[in-house]
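Input: a single structure, listed below in structure tokens.
The values are calculated or read from the model by the stated rules, or taken from the named source; none is laboratory data. Every value quoted in this text rests on a predicted model; they were computed, and no experiment measured them. Neighbour counts run over all protein chains shown; Cβ positions are idealised from the backbone, glycine included. Protein only, heavy atoms only, side chains kept; ligands, DNA and RNA dropped before computing areas. Shrake-Rupley method; radii C 1.70, N 1.55, O 1.52, S 1.80 Å.
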Amino acid sequence: MEKKATKAIAVANEKGGVGKTVTVINLAAALSMAGKSVLVVDMDPQANATKGLGIQTDDYTISIYDLIMGNDGKSVEEAVIPLPWKGLHLIPSHADLSGAEIELVDEDGRENRLKEVLSPILNNYDFVLMDTPPSLSLLTINVFSCVSEVLVPCQTHPYAFGALAELFDTIDAIREGINPDISISGIIPTLVDLRTRVANVVLDQLRTDDRYRDLVFNTMIRTNTTIAESAEVGKPVVFYRKGSNGAKDYGQLVEEFLSRG
Ligand SMILES: Nc1ncnc2c1ncn2[C@@H]1O[C@H](COP(=O)(O)OP(=O)(O)OP(=O)(O)O)[C@@H](O)[C@H]1O
Ligand SMILES: [Mg+2]
């Protein structure tokens, strides 16, 4: 396969339910529509990115868990599932992944397992997008050790805004300790409802705060029921309902993302 200058990107936020998985799925899908080849790596034991891309547990025998644990010498190439949309690929997760943290506790180099697993194929894609669980677990640290960029979905809610500072501190610590190349490259306002006062207040805070304002995307992802519906049917919203606000917002996000370079 042709070698590419791959960008490996984590979508992360220790807060739960802020739109990480939906962002991974739809960023990947919209990038593939723009002609890019994309690998999604699902590093959350909830496997929501796997399901949201239409893949059920019965559809595969090798998950990221097997690769990280080195089970039966399974190769990473075998684990990649080509999805029914041109350019999109997935390494699925599995509920077993929740045990990996404990199983690896005494292993040397445990925070670099994912990096080692992905290294043979990392340069086969334009983008590798990684979904993370809502906690700073060993799984998340494995993701942070092999990406250069972190995209942060931030729900336009005061608690989510408050939690951002902690995430920035975490990434600073990772840069100093594990991965000197990592930085937060963007903040994506999600679940935005401009009819509410809090959404407007939080957007304003994001766009004026010295730490965040240069990172915040102009594009916002509005709250849109079609997004939840599309996750349910296992299709990215950009393919499921092209005319929906969800599809428009993620389409626009990718345009802005690509224009940032
Ligand atoms: N813009 C949106 N409009 C409406 N529903 C949304 C939107 N974004 C996400 N959702 C829904 O909100 C829920 C949480 O979204 P998602 O799973 O992407 O968050 P998450 O940050 O990955 O959560 P977790 O921390 O549990 O992994 C899901 O049911 C999803 O379908
Ligand atoms: Mg998720």
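If Leu27 satisfies every condition in (1) near ligand 2 (Cβ under 10 Å from one of its atoms); (2) within 14 Å of Val152 (Cβ to Cβ) but one, which is the exception?
Just one mismatch for Leu27, condition (1).
For region 180-192, indicate whether the set of residues that are more than 16 Å from ligand 1 (Cβ to nearest atom), in contact (Cβ under 8 Å) with a residue 40 or more places away in the chain and out of contact with any His (no Cβ under 9 Å at 6 or more places or on another chain) is non-empty.
Yes, there is a match, as at least one residue in region 180-192 is more than 16 Å from ligand 1 (Cβ to nearest atom), in contact (Cβ under 8 Å) with a residue 40 or more places away in the chain and out of contact with any His (no Cβ under 9 Å at 6 or more places or on another chain).
Select from region 201-210 the residues that are open to solvent by less than 90 Å² (accessible area, probe 1.4 Å), assigned to a helix (DSSP H, G or I) and either aliphatic (A, V, I, L, M) or free of Cβ contacts under 8 Å to residues at least 40 places away in the same chain (or both) and list them in ascending order.
Residues satisfying the conditions are Val201, Val202, Leu203, Leu206, Thr208.
Based on what the data block shows, is Thr219 open to solvent by less than 80 Å² (accessible area, probe 1.4 Å), more than 16 Å from ligand 2 (Cβ to nearest atom) and not in a helix (DSSP H, G or I)?
yes
In region 223-247, how many are surrounded by 17 or more Cβ atoms within 10 Å (Cβ to Cβ) and either outside any loop (DSSP other than H, G, I, E, B) or among the small types (Gly, Ala, Ser) (or both)?
10
I'm told Ala165 meets every condition in (1) assigned to a helix (DSSP H, G or I); (2) within 18 Å of Glu111 (Cα to Cα); (3) among the small types (Gly, Ala, Ser) except one. Can you identify the failing condition by its number?
(2)
Any residue at all in region 154-169 that is within 24 Å of Pro236 (Cα to Cα), out of contact with any strand residue (DSSP E or B) (no Cβ under 6 Å at 6 or more places or on another chain) and away from ligand 1 (no atom under 16 Å from the Cβ)?
No; the residues of region 154-169 include none that is within 24 Å of Pro236 (Cα to Cα), out of contact with any strand residue (DSSP E or B) (no Cβ under 6 Å at 6 or more places or on another chain) and away from ligand 1 (no atom under 16 Å from the Cβ).
Against the conditions (1) away from ligand 2 (no atom under 14 Å from the Cβ); (2) polar (S, T, N, Q); (3) surrounded by 14 or more Cβ atoms within 10 Å (Cβ to Cβ), where does Asn71 fall short? Just the number, please.
For Asn71, the failing item is (3).
Out of the residues in region 41-68 meeting the condition of being among the polar types (S, T, N, Q) and part of a loop (DSSP other than H, G, I, E, B), tell me which one is most open to solvent (accessible area, probe 1.4 Å).
Thr61
Report whether or not Arg213 is over 23 Å from Thr21 (Cβ atoms), assigned to a loop (DSSP other than H, G, I, E, B), of a type in the set (Lys, Arg) and away from ligand 1 (no atom under 11 Å from the Cβ).
So Arg213 passes the test.
Specify which of the listed residues (Ile25, Ile55) is more than 24 Å from Leu136 (Cβ to Cβ), touching a residue at least 24 places away in the same chain (Cβ under 8 Å), within 16 Å of ligand 1 (Cβ to nearest atom) and among the β-branched types (Val, Ile, Thr).
Ile55
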